[in-house]
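Peer 1: Attaching a single structure in structure tokens format; questions to follow.
Every number here is computed from the coordinates shown, using simple stated rules; none is lab data. Not measured: the values here are computed from a predicted model. Every residue, glycine as well, gets a Cβ built from its backbone with ideal geometry; the counts of neighbours run over all protein chains shown.
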Amino acid sequence: MGVRCGGRFSTYPDLFGRALRATRGLSELGIGAGDRVALLLRNSIEFLEASIATVPIGASAVPINWHWRGEEIAHVLLDSGARALVVHADLWPAIAESVPPGAAVVVVPADGEASTELPPGAVSWPEWLQASEPWAQPPESAPVSIIYTSGTTGRPKGVVRTPATDAQREQTQALLGEIFQLGPDERTVIPAPMYHTAPNVYALASAMRGMDMTIMTGFDAEEFLRIVAERRVTVVQMVPTMFVRLLALPQDVRNRYDLSSLRWIVHAAAPCPPDVKRAMIEWLGPIVAEYYGSTETGPVVFCTSEEWLAHPGTVGRAIERSVVKVLDGDGDELPVGESGEVYVWLDVWPDFTYAGDEERRREVERDGLISCGDIGYLDGDGYLYLNDRRSDMVISGGVNIYPAEIEACILTLTGVRDCAVFGIPDAEFGESLAAHVEVEQGAALSAPDVREHVRARLASYKTPRVVEFSDTLPREDSGKIFKRRLREPYWRGRERAI
């Protein structure tokens with residue numbers, strides 16, 4: 001058992017030994033309780049080591065999405081108050097001007113490089129570890145990172161946890177073990193970037209259990225199948241975009257790999273089209289589970305394959321000790337089947353605030369429950385269904401329009417791979433609809449085709465005024481379409497910006 005990444009392998013004793021050397025090194029740099037250590041790292045063994053290193057001294061890791069632009073990264077470094085930065089060498093030049101004065105910099109050689117040229121005042125990760133004696137006390141709990149949300153609708157915001165009680169830590173780890181099916185005898189693969197909440201929590205919880213782990217530096221569908229077959233992977237966490245890419249592989253490629261060891265797949269982070277989920281269950285069997293929650297709330301809703309097949313389209317039912325309510329604009333609970341804003345809470349999950357912005361925390365709370373920003377409804381059996389993001393709602397001529405309904409309609413049009421619908425300025429109605437459509441290779445579609453398809457199935461006011469086509473839509477690594485980037489050109493220069 002150990003951790004693999006690229007061509008490298010580490011046993012857990014070696015990994016934890018290096019992590020404890022990093023703990024000592026951080027302490028000697030003046031990092032202590034309450035301090036933040038930013039990680040601008042690709043998926044790697046060092047990512048785990050640096051995260052674990054913060055625990056014994058009471059510091060927190062702040063993983064940063066290395067795909068972000070310089071301004072976004074600078075915001076996280078300043079907003080988090082990071083006193084140290086651990087960075088891959090090839091990522092350093094893009095953010096060199098963004099590092100706060102006085103912050104310590106530790107440089108990890110890029111994959112395959114034995115050494116690297118260091119910026120002034122920085123230290124080399126391998127040499128730094130070699131010069132440090134291991135911290136005497138190993139970590140007693142999994143790291144709790146400060147994750148900055150993706151910023152698909154605004155500037156990234158950091159979710160800071162309040163210190164967990166011993167009981168909360170025990171209950172949280174038990175919950176994660178149940179949802180993810182984690183255990184010391186399980187084998188897993190990490191296919192998603194660990195700067196995102198779900199893979200971060202999953203990878204660190206797996207490491208603390210000593211699970212055999214393969215870390216992918218980027219998702220490739222056939223490589224994923226090869227790893228599952230070769231390493232006899234038993235459990236994995238994924239996002240729906242990965243399902244789509246797996247299903248797009250030719251049947252003979254899929255048949256080439258023995259996936260019989262795989263007994264549990266859990267997915268979250270983005271909506272999964274029903275036909276995609278059904279196809280995954282038909283291919284691999286009823287081993288595809290789903291949970292719903294957010295960086296702020298943790299997992300609050302869960303369903304198995306069997307539950308989903310009986311309630312197609314659901315994201316699940318409230319798990320034990322969680323509360324799920326659908327409220328109207330006045331905060332009143334709505335009846336079964338009626339859509340409103342989804343509010344949730346899980347009492348074993350540690351509370352949170354936003355880094356440097358407690359007022360923002362109060363804005364998402366109502367009577368002790370937290371909004372994930374989603375619109376949805378509950379059925380008579382307590383299963384939750386999501387309609388749309390609250391921030392995506394369009395108000396056209398005083399009518400509330402939820403783009404997800406229109407997107408689902410457009411996705412049924414032959415030749416459409418994916419789409420994004422959102423509001424754009426309209427002199428008469430305030431807002432009207434734009435649809436950006438990702439087309440299948442070789443498909444011949446026109447804007448009238450899309451409009452007529454929608455008009456035949458939905459109310460006329462839900463027909464997009466603007467239809468644009470592209471080969472690919474901008475995405476986060478989680479698979480979510482980056483709608484803000486699509487909206488920006490339409491709203492640029494206006495008093496109101498979405």
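Peer 1: Toward the positive end of the charge dipole of the chain, about the Cα centre and with charges on Cβ (Lys, Arg +1; Asp, Glu -1), which of T463, A229, M194 goes farthest?
Peer 2: Value computed over the given set: A229.
Peer 1: Under the rule that an exposed site lies in a DSSP loop and has at most 11 other Cβ atoms within 10 Å, name the longest stretch of the chain with no trypsin sites (Lys or Arg not before Pro) of that kind, not counting the sites themselves.
Peer 2: 70-491
Peer 1: Also: Give me the tail of P(r) for the stretch 41-99 as a percent: Cα-Cα pairs with distance above 15 Å.
Peer 2: 49 percent
Peer 1: Based only on Cα atoms, what mean projected area does the convex hull of the stretch 11-164 have, in nm²?
Peer 2: Directional mean of the projected Cα hull area for the stretch 11-164 stands at 9.1 nm².
Peer 1: Give the residue list of GluC sites (Glu not before Pro) in the stretch 336-416 that are DSSP loop and have at most 12 other beta-carbon atoms within 10 angstrom.
Peer 2: Sites meeting the loop and neighbour criteria: E338.
Peer 1: Now for a separate question. Can you give the charge dipole size of the stretch 9-140 about its Cα centre, rounded to the nearest 20 debye, using +1 on the beta carbon of Lys and Arg and -1 on the beta carbon of Asp and Glu?
Peer 2: My answer is approximately 240 debye.
Peer 1: Something else now. Restricting the calculation to Cα positions, tell me the Rg (one decimal) and the Dmax (whole number) of the chain in Å.
Peer 2: In order Rg, Dmax, the Cα atoms of the chain give 23.1, 70 Å.
Peer 1: Sum up the lysine pairs in the chain that clear both bars: alpha-carbon distance under 25 Å and a spacing of 8 or more or different chains.
Peer 2: 8
Peer 1: Using DSSP, restrict attention to beta bridges with both residues in the chain and report what percent are antiparallel, rounded to the nearest 5.
Peer 2: Just about 60 percent of them are antiparallel.
Peer 1: Which three extents, in whole angstrom, do the alpha-carbon atoms of the stretch 401-491 cover along their principal axes, largest first?
Peer 2: Principal-axis extents of the Cα atoms in the stretch 401-491, largest first: 36, 30, 19 Å.
Peer 1: So how much slack lies between A310 and E440, counting 0.36 nm per residue of separation and subtracting their Cα-Cα distance, in nm?
Peer 2: Result: 43.7 nm gained on full extension.
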